[in-house]
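Student: Before I ask anything, here is the structure I am working with.
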Amino acid sequence: MDLERIEKKLREARFFLDKMRDQESGAFGDKEPFDFYLSACLGAARSVDYRLRHEQTTTYPAWRKSWDESLTSPEQRLIEFMVIDRNVEVHESGSTRSIKTEEIKIVGDTYSDKSSTHYVSGPPGMPSASIFKPAYFFAIDGVERKATEACAEYLTLLERMLAKFKADHL
């Protein structure tokens, strides 16, 4: 049983998750790439189940049903949420992720991250300046979660699923 192409899809999803993390770490610049990376991550992750269903037609569907039943309710809901969000991203109006801002107080006269360096000046006694950095979230079961953290947990579940499938069928 050759699952290398499926494992490659998981690596691809991790690659785009890393790009999402890198993109969210910068306070300045174009914010649109985060959405591109999110779409690519969701698509690659969804391909794992799709390929298993189509390449392991005699064993995977029944095995997957059993594996799903072994998951906790939060794990099942996370997988369901990610599948639905990928479908909305690809076939409808885009991911349901929301953007908020995180306030970062500038200590001293400089703020710097990978996206830029900003200098602050003013008269003595001036209150500290702040910048506002974008933060991306999903609302999963009424709980707001950082998009990168939810995607990381989803990919960990898929990796666990694939490892278990391999162990059960090799």
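Student: Under 11 Å from the 7 Å Cα→Cβ point of residue 168, by amide nitrogen: which residues of region 32-74?
Tutor: Zone members listed by number: 59-71.
Student: Then there's this: What do you get when you divide the Cα radius of gyration of region 1-49 by 2.2 N^0.38 Å, with N the number of residues? Please report the intermediate quantities before stating the final value.
Tutor: On the way: Rg = 12.6 Å, N = 49, 2.2 N^0.38 = 9.7 Å.
The reported ratio for this selection is 1.30.
Student: Indicate the gyration tensor shape class of the chain (rounded, prolate or oblate), computed on the Cα atoms with a ≥ b ≥ c the square roots of the eigenvalues: a/c under 1.5 is rounded; otherwise a/b larger than b/c is prolate and the rest oblate. Could you put the intermediate results ahead of the total?
Tutor: Details: a/c = 2.97, a/b = 2.58, b/c = 1.15.
It comes out prolate by the Cα gyration axes.
Student: Counting only protein heavy atoms and a 1.4 Å probe, tell me what percentage of the chain's accessible area is made up of carbon and sulfur. All intermediate terms of the calculation are to be shown ahead of the outcome.
Tutor: Values: 4900 of 9540 Å².
That fraction is 51 percent.
Student: In sequence order, what are the phi-derived ³J(HN,Hα) couplings for region 93-107 according to the Karplus relation 6.51 cos²θ - 1.76 cosθ + 1.60 with θ = phi - 60°, rounded to whole Hz, with x for glycine and proline?
Tutor: 9, x, 3, 7, 4, 10, 10, 10, 10, 10, 7, 10, 6, 7, 9
Student: I'd like to check one number: the per residue accessible area of the chain, probe 1.4 Å, reported in Å² as a whole number.
Tutor: Numbers: 9540 Å² over 170 residues.
Computed with neighbouring chains in place, this is 56 Å² per residue.
Student: Based solely on its DSSP helices, what 222 nm [θ] is calculated for the chain when runs of n ≥ 4 H residues each add -39,500 (n - 2.57) and the sum is averaged over all residues, nearest 500 deg cm²/dmol? If you can, show how the numbers build up before the last one.
Tutor: Numbers: 5 runs with 98 residues, N = 170.
Estimated from H runs of four or more residues: -20000 deg cm²/dmol.
Student: Additional query: Go through region 134-140 residue by residue and turn each phi into a ³J(HN,Hα) via Karplus (6.51, -1.76, 1.60, θ = phi - 60°); whole Hz please, and just put x for glycine and proline.
Tutor: Running phi through 6.51 cos²θ - 1.76 cosθ + 1.60 with θ = phi - 60° gives x, 9, 10, 9, 10, 9, 10 Hz.
Student: With every protein chain in place, what's the accessible area of residue 54 (1.4 Å probe, Å², nearest 10)?
Tutor: Number for this one is 110 Å².
Student: To continue, here is another question. So for region 98-169, if I pair up every lysine 8 or more residues apart or on another chain, how many of those pairs have alpha-carbons under 27 Å apart?
Tutor: 9
Student: Moving on to the next point. For a quick check, take a GNM of the chain with Cα springs below 10 Å and name the residue from 108, 122, 26 with the largest mean-square fluctuation.
Tutor: Largest GNM mean-square fluctuation: 122.
Student: Let me ask something additional. Would you be so kind as to identify all helices of the chain, as entire DSSP H runs, whose Cα atoms reach 18 Å or more along the helix's own axis and whose mean Kyte-Doolittle hydropathy is at least -1.0? Write out the running numbers ahead of the final one.
Tutor: Numbers: long enough: 4-24 (30 Å, -1.56); 32-55 (34 Å, -0.33); 73-91 (27 Å, -0.29); 147-169 (33 Å, -0.03).
Membrane-span-like by this rule: 32-55, 73-91, 147-169.
Student: Evaluate E = 1/(1 + (r/R0)^6) for residue 96 and residue 36, where r is the Cβ-Cβ distance and R0 equals 22 Å; express this FRET efficiency to the nearest 0.05.
Tutor: Values: r = 16 Å, r/R0 = 0.74.
Approximately 0.85, to the nearest 0.05.
Student: Another question about this same structure. Could you list which residues have their amide H under 5 Å from that of residue 140, counting only those 5 or more apart in sequence or on another chain, with H placed in the peptide plane?
Tutor: 145
Student: Which cross-chain or sequence-distant (5 or more) residues have an amide H under 5 Å from the amide H of residue 129, H modelled 1.01 Å from N in plane?
Tutor: Close amide H contacts, sequence-distant or interchain: 106.
Student: Tell me which residues come under 5 Å, amide H to amide H, from residue 115 once H is placed; ignore anything under 5 positions away on its chain.
Tutor: 27, 28
Student: Just to confirm the filter: which chymotrypsin sites (Phe, Trp or Tyr not before Pro) across region 1-83 are DSSP coil and have at most 15 other Cβ within 10 angstrom of their Cβ? Could the numbers behind the result be given before it?
Tutor: Working: sites: 15, 16, 28, 34, 36, 37, 50, 63, 67, 81; in loops: 28.
For chymotrypsin sites (Phe, Trp or Tyr not before Pro) across region 1-83 that sit outside H, G, I, E and B with at most 15 neighbouring Cβ atoms in 10 Å, the list reads 28.
Student: Running a GNM on the chain with Cα contacts under 10 Å, which residue among 133, 31, 105 ends up with the highest mean-square fluctuation?
Tutor: Maximum among the listed residues: 105.
Student: Here's a follow-up. Cut-off 10 angstrom, C-alpha nodes, Gaussian network model of the chain. Which of 110, 101, 156 fluctuates the most?
Tutor: 110
The values are calculated or read from the model by the stated rules, or taken from the named source; none is laboratory data. Everything numeric in this text was worked out from a predicted model, so none of it was measured. Here the Cβ is made from the backbone with ideal geometry for all residues, glycine too, and neighbour counts use every protein chain on show. Note: accessible area is taken over every heavy atom of the protein model, side chains too, but ligands, DNA and RNA are not part of it. Shrake-Rupley method; radii C 1.70, N 1.55, O 1.52, S 1.80 Å.
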